[in-house]
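Inspection log for the structure reproduced underneath, given as structure tokens.
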Amino acid sequence: MTGLSVKHLIGIKYLTHEDVALIFETADNFKQLINRPIKKVPSLRDITIANAFFENSTRTRLSFELAEKRLSADIINFSASTSSVTKGETLLDTINNVIAMKVDMIVMRHPNPGAANFLAQNVNAIIVNAGDGTHEHPTQGLLDAYSIREKHGKIEGLKVAIIGDILHSRVALSNIFTLTKLGAEVMVCAPPTLIPKFIASLGVKVEYNVNKALEWCDVANVLRIQLERQQGGYFPSLREYSMAYGINLDRLQKIGKPITIMHPGPINRGVELDSNVADSTEYSIILDQVENGVAIRMAVLYLLAARVDRS
């Protein structure tokens, strides 16, 4: 296979198994590159990329920007709070004006599910979804699976539990699509109020007891409680959530087996994950996820750039 089957990266569900394998293979090469003294290559020297973030972001925005710079792309950044969106300009008008400046690719985060897909159908540029509402976050799903493969040497046959705010998480959906595509068994674990009713139809197990989930899994991907997306009382209090579902050293030691702990960040320390677990070299691969995020995003941008219309 010489290239991706898709022109845009909208969601994992649109990728084939071969697409994911190609992204991982390309990321392997870029990971070697970013660990060398000279970390830059001219691969995207003639490509202009706009980072359009309509929601706050630290890790994802910086990771994409660093990936773009490592590939020698020309970059422009803008955020909604300082753009004409605040004056009432539509998303389509905003992006078309950016593309008119001869921009080839748009990396976009947006609060509305489906925004990236809408743009892909209506503008003449390659769209990379950096998170659309509670829908998908495809590069996070890819880097999480890539990090699991790096740690365990495989993904097929592994048992992965996704623990936390499944209902409001775009990371959960992208992880489920990626991991099941690659042959892992997936379980979601949370209070019943934080698990979508449709989730079992995606071929995952559902568990409400975090101790049972930890006993079952090889890998636990712990998700943040997204208070900014929650309108009602999904659980009595953060303290009670932490007591029932928080991952701490005592809970892991009682399980009595090695479990790989992941988190897409930012971490609510002391709520879903204690510091002594998040910072543990025995359990945590959280900083490996951050490093792998740059390599995966370099791979995605490099492979999609081959589809840029040069006419």
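Brief remarks on what is shown
- Exactly one residue out of D165, D132, D144 is among the acidic types (D, E) and either assigned by TED's automatic domain parsing to the domain that holds I106 or surrounded by fewer than 23 Cβ atoms within 10 Å (Cβ to Cβ) (or both): that is D132.
- Counting the residues of region 1-20 that are assigned to a helix (DSSP H, G or I) and either among the β-branched types (V, I, T) or loosely packed, with under 13 Cβ neighbours inside 10 Å (or both) gives 4.
- Filtered residues of region 33-54 (kept if modelled with pLDDT under 95 and either within 16 Å of A299 (Cβ to Cβ) or in a helix (DSSP H, G or I) (or both)): L33, I34, N35, K39, K40
- Only residues that are among the hydroxyl-bearing types (S, T, Y) and touching a helix residue (DSSP H, G or I) at 6+ places or on another chain (Cβ under 6 Å) were counted in region 62-78, giving 1.
- Filter result for F78 (outside any loop (DSSP other than H, G, I, E, B), surrounded by 21 or more Cβ atoms within 10 Å (Cβ to Cβ) and of a type in the set (A, V, I, L, M, F, W, C)): no
- Taking the conditions (1) outside the structural domain of Y208 (by TED's automatic domain parsing); (2) touching a residue at least 24 places away in the same chain (Cβ under 8 Å) in turn, G114 satisfies each one other than (2).
- Of all residues in region 254-273, one or more are outside the structural domain of N29 (by TED's automatic domain parsing), assigned to a helix (DSSP H, G or I) and more than 18 Å from R224 (Cβ to Cβ).
- Selected residue (criterion: nearest to V123 (Cα to Cα)) from residues of region 26-58 that are free of Cβ contacts under 8 Å to residues at least 40 places away in the same chain and of a type in the set (V, I, T): V41
- Check on L182, out of contact with any Asp or Glu (no Cβ under 6 Å at 6 or more places or on another chain), farther than 24 Å from K254 by Cα and at pLDDT 95 or above: yes
- Hey, I95 hydrophobic (A, V, I, L, M, F, W, C), more than 24 Å from A145 (Cα to Cα) and surrounded by fewer than 16 Cβ atoms within 10 Å (Cβ to Cβ) or not: no
- Residue list for region 206-249, restricted to those being more than 19 Å from V171 (Cβ to Cβ), assigned to a loop (DSSP other than H, G, I, E, B) and modelled with pLDDT of 95 or more: Y208, N209, N248
- Residue check, I199 of a type in the set (A, V, I, L, M), surrounded by 21 or more Cβ atoms within 10 Å (Cβ to Cβ) and out of contact with any Phe, Trp or Tyr (no Cβ under 9 Å at 6 or more places or on another chain): no
- Of the residues making up region 256-268, those that are surrounded by 15 or more Cβ atoms within 10 Å (Cβ to Cβ) and either more than 27 Å from L142 (Cβ to Cβ) or not aliphatic (A, V, I, L, M) (or both) are T260, H263, P264, G265, N268.
The values are calculated or read from the model by the stated rules, or taken from the named source; none is laboratory data. No experiment lies behind these values; they were computed from the predicted model shown. All Cβ positions, glycine included, derive from the backbone under ideal geometry; neighbour counts span all protein chains shown.
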